[in-house]
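Please treat every number below as a calculation from the coordinates, not as lab data. Since the model is a prediction, treat every value here as computed from it, not as a measurement. Please note: Cβ atoms are built from the backbone with ideal geometry, for glycine as well, and neighbour counts cover all protein chains shown.
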Amino acid sequence: MTRKHGTRNATRPDSTEEHGPTSSEHVRLLRENERLVVERQAAELVRDEYIDLYEIDPLPSLTLDAGYVVRRANRAMLELVALESNGFLKQSLRRFVLNEDRRTLSTHLAKAAKGSLERCRLRLAAKEGPSIPVELWTKALARTGLYQIRMVDLREREQAELEMRRLAQSERAARDQNAAKDTFIAMLSHELRAPLTPALAAASRFRDQSLPESVQKAFVLIRRGILAEVRMIDDLLDVNRIVRGKMSVTCRTASVHEIVREAAAMLSAEAEAKKQTVELALDAEHHCAQVDAVRLRQVFWNLIRNAIKFTGAGGRISVRSWNSDELLMVEVADDGRGIDAANLSRLFAPFDQLDRNRSEAGGLGLGLTISRGLMELQGGGLTAHSGGLGRGARFVAALGTVEPPQEATTSSSEASVEPPRAPPAEQLDVLLVEDHADTLEIMSEVLQDAGFRVHTAASAAEAKRVDLDAIDLIVCDLGLPDQSGLELIAELQAKRRRPALALSGYGMDADIRASKAAGFDEHLVKPVDVHRVVETLHKLALGPA
């Protein structure tokens with residue numbers, strides 16, 4: 001019995017196997033359960049964070065199922081389509097896409113289903129108003145078969161693109177208008193200069209001849225009026241260059257005092273005619289600057305002439321200079337009508353005359369605009385000051401000073417000066433090509449008086465019929481009826497090179513460059529003093545010094 005009992009005890013299962021795991025296994029399972037609880041809580045937290053972020057994402061976001069039905073949409077998406085969730089969820093996205101863009105949507109989603117991030121543009125139908133341009137960024141979720149979509153509202157971008165296109169179109173139109181304006185100004189300049197050319201040539205031709213005093217005075221008046229018209233034409237061209245940034249200057253060291261004196265001397269007759277006093281007090285110790293002497297003379301000519309214009313008879317005009325730090329200051333002041341303080345800021349604006357009566361003495365009111373532009377091109381400035389109407393005006397030009405050029409070590413009497421060369425003694429043959437009949441006639445007479453044998457042509461075709469082997473010099477207009485003067489001179493110069501002078505009403509910088517490129521050696525802009533034409537031809541005939 002004992003043995004049997006012992007046998008039974010030996011074969012009875014262990015109590016731990018019969019009633020559950022051991023204590024160590026139990027602990028392990030508890031820890032695993034705790035870990036799973038923690039991971040689940042973390043997953044739920046991530047899920048909640050994702051849902052929160054999804055909901056507050058500023059980009060419209062939605063989730064589609066495999067049938068393109070909307071399963072989830074955030075607030076931004078609902079605001080974009082202006083619908084509540086019950087009007088958007090469980091609906092096919094195709095319903096909200098314009099008919100013409102539905103094929104684009106299907107192609108886009110088919111590509112995204114392959115696992116790549118896809119993007120496309122299409123338009124959503126708006127509840128009210130125009131359709132909504134959007135860009136879709138779509139990624140298919142492989143495990144669920146869902147499509148996750150972000151949309152970018154392109155309305156502002158599209159509006160910006162439209163505005164950019166509008167601005168670009170406006171810019172192109174402005175460029176075209178500027179080009180048309182330049183062409184018009186060039187044509188206007190040419191057409192205005194053409195009839196002035198023979199008149200100035202005639203006045204210049206007879207000015208020095210022995211004629212009755214009354215006739216001489218008449219020629220002086222004619223010449224003065226023509227030059228005033230020429231000045232207005234030049235002002236139009238200059239202000240156009242300055243406004244467009246096309247004006248250029250060539251600066252060298254020069255005495256500004258000398259330039260001021262020259263400008264004042266040129267206007268002395270006008271001041272005397274109004275019994276005005278022009279006083280020069282050029283006391284600056286340092287008065288040399290890097291300037292374009294011709295253009296700076298134009299500035300002071302404008303300023304002094306303005307003072308003469310707007311100062312009454314018997315008035316006083318003063319021009320003085322001084323140094324301030326490293327600057328040279330030159331002031332032109334008058335006791336004339338003055339300027340209203342409210343208008344000082346507009347004084348230098350082109351085409352904006354402050355007082356229509358200001359034009360009573362002639363001119364277009366462009367001189368100050370040109371003067372400031374020229375001063376700035378030379379590294380300086382120009383300011384206007386006035387105590388008000390009836391209290392005169394002051395214009396102050398400022399320039400940086402430089403050291404004067406070193407003087408020669410020998411005196412002028414010891415210096416070797418080459419005497420001016422005389423014109424050639426033998427008579428020269430000149431081909432004069434000009435389609436304006438009056439200009440052709442008077443210029444032919446002027447050149448004959450100067451000792452040239454003149455062959456005339458009113459067109460390019462006539463010029464080519466002249467015996468060109470006998471021609472020593474060519475004077476040619478640019479605007480011919482059958483061929484441009486540029487084309488003609490290039491053709492003639494290709495056969496045999498000879499000195500050539502362009503005499504034209506086209507005076508823009510581009511015209512001058514084009515004439516030099518075509519084969520002209522010099523370019524004079526009509527109307528031009530006949531003495532200058534003769535001097536230029538003599539210089540060309542002599543060749544390089």
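Things worth noting here:
- Principal-axis tilt of helix 213-243 within the chain, Cα atoms, nearest 10 degrees: 10 degrees
- Placing one equal scatterer on every Cα of region 57-153 and applying the Debye formula, the log10 ratio I(q)/I(0) at q = 0.19, 0.23 Å⁻¹ is -0.86, -1.31.
- Across the cross-link table entries 495/526; 217/309; 181/495; 495/539; 181/309, which are compared at the Cα atoms, the separations over 32 Å belong to 181/495.
- Value of [θ]222 nm, deg cm²/dmol, for the chain, DSSP H segments ≥ 4, -39500 (n - 2.57) each, nearest 500: -15000 deg cm²/dmol
- Against the main long axis of the alpha-carbon atoms of the chain, helix 2-11 sits at an angle near 20°.
- Stretch gain in nm, segment residue 95-residue 191, where the contour uses 0.36 nm per residue and the Cα spacing is subtracted: 27.8 nm
- The chain: angle of helix 155-207 to the longest principal axis, Cα-based, in degrees nearest 10: 0 degrees
- Proxy reagent accessibility, fewest Cβ within 10 Å first, across 118, 135: 135, 118
- Lysine pair number, Cα distance threshold 21 Å (strictly under), region 57-153, separation 8 or more or different chains: 4
- Top positive-direction residue, dipole computed over the chain with Cβ charges, set 389, 80, 510: 80
- Around residue 107: net Lys/Arg minus Asp/Glu count, Cβ-Cβ under 11 Å: +1
- For residue 438, net neighbour charge (Lys/Arg +1, Asp/Glu -1) across residues whose Cβ lies under 15 Å away: -3
- For residue 175 and residue 43, the FRET efficiency from 1/(1 + (r/R0)^6), where r spans their Cβ atoms and R0 equals 60 Å, is about 0.40.
- Residues residue 279 and residue 427, FRET efficiency given R0 of 56 Å [Cβ-Cβ distance, rounded to 0.05]: 0.65
- Annotation note: trypsin sites (Lys or Arg not before Pro) in region 109-143 located in DSSP loop regions with a Cβ neighbour count of at most 15 within 10 Å are 114, 127, 143.
- Of the trypsin sites (Lys or Arg not before Pro) in region 231-298, the ones in a loop by DSSP (not H, G, I, E or B) with at most 11 other beta carbons within 10 Å are 244, 275.
- P(r) histogram, all alpha-carbon pairs of the chain included - 10 Å bins from 0, percent: 3, 12, 15, 14, 11, 7, 8, 9, 8, 4, 2, 2, 2, 2, 1, 1, 0, 0
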